[in-house]
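Engineer: Pasting a structure here, questions to come.
The values are calculated or read from the model by the stated rules, or taken from the named source; none is laboratory data. Note that the structure is a prediction, hence the values are computed from the model and not measured. Neighbour counts are summed over all protein chains in view; Cβ atoms, including those assigned to glycine, are modelled from backbone coordinates with ideal geometry.
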Amino acid sequence: MTAATNVFGTRSSRMAVILRLPWLNWKLVLGVGVLILMILMEFVGPVFWDTELARVGSVPTNMVPVWVEADKSLGFKEGSPDYPLGSESNGREMLALVLVATPRSLKVGLIAASLGTITGIILGFAAGFLGGWLDSSIRILSDAWMTIPGLAVLIVIASYVREFDINSMALVIAMFAWPGPTRIIRAQVLSMRERGYVQMAQISGSSVIDIMFKEMMPNLLPYLAATFTSTVSSSILAATGLEILGLGPTRIPTLGMTINNALRASAILRGMWWWWSFPIVMLVTIFMALFLMTIGLDEIANPRLRGIQQ
Amino acid sequence: MGGLSKEYVIKRLGMFLLTVWLGTTVIFIVPRMAPGDPVQAMIGRMLTEGSNVENADQIVEAYRERFGLNDPVHVQYFKYLYNSATFNTGYSLAFFPSRIDDMIARSLPWTIGLLFVALILSFIIGNAVGALLAWRRTPKMIRWLLPISLTFTSIPAYMIGIMLLFFFAFMLDWFPYAGNYARGLNPGWDLEFIGSVIKHAFLPAMSIIMVSMGSWALGMRGMMITTDGEDYMILADAKGLTPMRIFWRYGIRNAILPQITAFGVALGALAGGSVLVEIIFTYPGVGYLLYQGILNSDFTLIQGIVFYVIVGVSIAVLILDLTYPLIDPRITYQRS
Amino acid sequence: MSTNPKSGTQNNNGHSDVALDVRDLRVHYKTPEGDVIAVNGISFKVYKGELVGLVGESGCGKTTAAMGILRLVQPPGRIMGGRVMLDGDMDIINLGNKELRRARWTQIALVPQGAMNSLNPTMRVKDQIKDAIETHEGRQSKAVLKERTLDLLALVGLPSRTFNMYPHELSGGMKQRVCIAMAIVLNPILVIADEPTSALDVIVQRVVAQTMLDIKKRLGVSMIMIGHDMGLMAQMVDRVAVMYAGNLVEIAPVRAAMKAPMHPYTQLLIESIPSIKERKPLKLTEGLTHDLRNPPPGCIFQFRCPHVAETCRTQKPPMLEIQTRHGVACHLYKPEETA
């Protein structure tokens, strides 16, 4: 990786060399930073805000955000600095709701993507490295699996299994998170296997495990990270999709469930934009951060993309 | 000579059957692995909710018949496979005695119309934008389109849908909130009806287009950059061909091929996403019907619809796979 | 189309016997650390019906020079100056876009280096040839197109079934011959062939080379052939032009060049041709010894030249016409010695 960055590095200043460090790609750093902030919400949120206000009936209903004037004819109540983002029709306070729900949505994505990526690594390595019938069956299976519309199948499963919690939902979503990573890892392993240094290692008698972890893993890392990131994104997408359909966890608030409540209460047509827009803003921020990371990681994995973009 | 080899067709058909089989099997097995007996629980809930008490016996009977509940699991599975293979999806639980096939048949044209138009449009627009972005002669003005369209790529379609609904239907009142055509109109080929259909489909279609366009643009831009460096592009230039001819016949023609493959892969996800768009816009397609099933705990309806979604997406992919060799003359050689 | 009426040499009656006159052509490659001077002001002529071989080690700028003549230099490369006069009065470098497109293929055609990837993979051979014809001559009837294309394919020794084939169905040699056929379809004045044989095996090389010679004889077209195989060149070309590090150091009739090469670099090149008759030790020379971004003042060959003198370090030797159609750029030869 470092070799690729220093092609023109002969005369560059020290600063330029530091800036070219591949992992310090600004898109990646920004994306990771935003996500870390969101995960921290889970721990920092309760410190400065009463997250218990996210419960049903803990505040007056239909309060507008504090900076907005309430339209009394629509039945809205004047906002209060105690509840800056207003409240929804079930008496949940929006700020508390967002603080509680955001890290949770992220968590589902992270768990599902971890499971999917780990499965993908195992299957991808097995297929690409061992080859033969194993390779063809894994390839065919992942190809076929990819064509199955995941969300539709998840809907069936979720409608039977009504009592979802975060972990079991993540587990079910992971069922559809493995084919992508498998395909990408397999393709990379196949191309890498043909490269000189892996063949050298093979000739010199290194064990398969050694070759995998010492020779191939470091080079696969940016690809792995990029796949993982996009899998997190699609897992969150699936999770919120289920939640919006009312099929997610029902006991604890999530961003998707909040949107589902808003939709069922016709919040859009009643003009209660703060009910659905704050969860959407959080989700959009999550997706954007993940997207930035994917692009950043792509640029790290394929230095050529960087050159073209200038 | 391009064209379809027998081997290729058989392989693709096998892939199609495998996909459908895997999908139907997953929706059979996984609910049964859940703790408790979902089937009994479901019937219990049906009876206690008592929404349809007068037909309860019939419903339960229909249900038992559909799943062969008294048989051991493996017999149930084969019966279920047989029913699926013969497209016998049975009766709806909540809307008994409506047949699920009939219900789907009523809503399917709307979904196909919306999805088809939206997906094709986004594919065309997205690829055109992407190709223009990579093209050297493209005016600088167009270049800021990429970051804009990319911004939308990362956002799910239904979120764009909610925002469009809020701004263009609620705030500006330019478009209707819901439905597929204005009430009181008689479906027909007159201008008023068609206009109403387009007006109702506009926002849902836009939310799908805006979201998927960016990723096509991004992919196409990459492919065009690769293609632009190919030797045949230089030779085309040396031949003195017009830029338009080079752009279309030499550039786009070659760069589009991987995009079409990607289209097949993305279809499943796109179909899933449009379910939610239909719900947001109360658009009476298959997705909305599915939502009705969920709201009413109508499991046979849910299962039937999902089965058809799986089959539909697989057929679309199969068609794409079978037309692909006609577009890329090299393919029958590479894959065999 | 006539951009410059005062075009050099013998302009008797609008027509001269010069097909191509390159004057001081410069091509630079932009890099973040300064311009790489790939072609450093080269000048030479190609006479009608003549086959000039452009030789030199890889990286010396032969392909870039050819691309410069065709005005096809790809970024980050750029033509920085010079003129490329075609058929006496048309300057390729200063042509408008439309005129340039019109001149391409009708006047000057290319047989590309990578014939493997030079044909559009999604178009049949017939359509790629048709493209060239119809762009310049307007729409033609199917029968006429077919007849012309089949004649052309026969001319380069390809079976008529090639007509309907896709590039991936052709072998390397066949692809190369399709490229040759395509280059001559509009009877251009000049064909530039960029290493037309380098990617082929030895037997196919011979066949393709022979095809090129036949065509040249049959159509009387002028050609520039780029290559580094001196042995093959010696048998094919009328004159050789020798390039070193972006500079043209000698251009000479092939017999003179083989028998009595004048420039020290040409001498080195000729000596390095392997021979069966005598086994000689390989002359090992170091590679390029200067940075292409900052060529040294004086002669470009000074670091490797066995005869280097003081003037070579400071003064760039001009190209001297030692004899007719024989020029050399070296301080060893003085203008007085001419004649």
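Engineer: Quickly run through region C:72-92 and pick out the residues that are within 10 Å of another protein chain (Cβ to nearest Cβ) and touching an Asp or Glu at 6+ places or on another chain (Cβ under 9 Å).
Structural biologist: Once the filter is applied, which keeps residues that are within 10 Å of another protein chain (Cβ to nearest Cβ) and touching an Asp or Glu at 6+ places or on another chain (Cβ under 9 Å), region C:72-92 yields only C:L72.
This table checks each residue for (1) under 24 Å from B:I155 (Cβ atoms); (2) in contact with a Leu (Cβ under 8 Å, 6 or more places away or on another chain); (3) loosely packed, with under 14 Cβ neighbours inside 10 Å; (4) at pLDDT 85 or above.
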site	(1), (2), (3), (4)
B:Y177	yes, yes, no, no
B:P204	yes, yes, no, yes
B:T227	no, no, no, no
B:I234	no, yes, no, yes
B:F247	no, no, no, yes
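Engineer: Further question on the same structure: How many of the residues in region B:251-283 are surrounded by 21 or more Cβ atoms within 10 Å (Cβ to Cβ) and small (G, A, S)?
Structural biologist: Qualifying residue count, region B:251-283: 7.
Engineer: Looking at A:I140, A:I173, which is the one that is at pLDDT 80 or above and either buried (at least 21 other Cβ atoms within 10 Å of the Cβ) or charged (D, E, K, R) (or both)?
Structural biologist: Values: A:I140 fails: either buried (at least 21 other Cβ atoms within 10 Å of the Cβ) or charged (D, E, K, R) (or both).
On inspection, the qualifying residue turns out to be A:I173.
Engineer: Being surrounded by 21 or more Cβ atoms within 10 Å (Cβ to Cβ) and under 19 Å from C:D194 (Cβ atoms) is the filter here, so list the residues in region C:77-92 that pass it.
Structural biologist: C:V84, C:L86, C:I92
Engineer: Name the helices (runs of 4 or more DSSP H) wholly within region A:113-224 that hold at least 2 residues that are within 14 Å of chain B (Cβ to nearest Cβ) and of a type in the set (G, A, S)?
Structural biologist: Answer list for region A:113-224: A:132-147, A:150-160, A:166-174, A:179-193.
Engineer: Scan the helices (runs of 4 or more DSSP H) fully inside region B:176-289 and keep the ones with 1 or more residues being of a type outside the set (S, T, N, Q) and within 14 Å of chain A (Cβ to nearest Cβ).
Structural biologist: Numbers: elements: B:191-228, B:231-238, B:253-280.
Here the list reads B:191-228, B:253-280.
Engineer: Considering only residues that are in contact with a Ser or Thr (Cβ under 9 Å, 6 or more places away or on another chain) and surrounded by 19 or more Cβ atoms within 10 Å (Cβ to Cβ), which ones fall in region C:66-76?
Structural biologist: The initial filter retains those residues of region C:66-76 that are in contact with a Ser or Thr (Cβ under 9 Å, 6 or more places away or on another chain), namely C:73, C:76.
Listed by number, the list holds a single entry, C:V73.
Engineer: Tell me whether region B:207-215 contains one or more residues that are buried (at least 22 other Cβ atoms within 10 Å of the Cβ), of a type in the set (S, T, Y) and in contact (Cβ under 8 Å) with a residue 40 or more places away in the chain.
Structural biologist: Yes; the residues of region B:207-215 include at least one that is buried (at least 22 other Cβ atoms within 10 Å of the Cβ), of a type in the set (S, T, Y) and in contact (Cβ under 8 Å) with a residue 40 or more places away in the chain.
Engineer: Can you name the residue in region B:290-336 that is under 22 Å from A:L263 (Cβ atoms) and outside any helix (DSSP H, G or I) and, of all such residues, is nearest to the other protein chains (Cβ to nearest Cβ)? Before the answer, list the steps.
Structural biologist: Within region B:290-336, the subset under 22 Å from A:L263 (Cβ atoms) is B:290-298, B:301-302, B:305-306, B:309.
If we keep only those that are outside any helix (DSSP H, G or I) too, we end up with B:296-298.
Details: B:N296: 10, B:S297: 7, B:D298: 9 Å.
Step by step, filter region B:290-336, then rank; the result is B:S297.
Engineer: Got a sec? Which helices (runs of 4 or more DSSP H) wholly within region C:93-186 have at least 1 residues that are within 12 Å of chain B (Cβ to nearest Cβ) and out of contact with any Gly (no Cβ under 6 Å at 6 or more places or on another chain)?
Structural biologist: Numbers: elements: C:97-103, C:125-137, C:142-155, C:172-183.
Helices (runs of 4 or more DSSP H) meeting the threshold: C:97-103, C:125-137, C:172-183.
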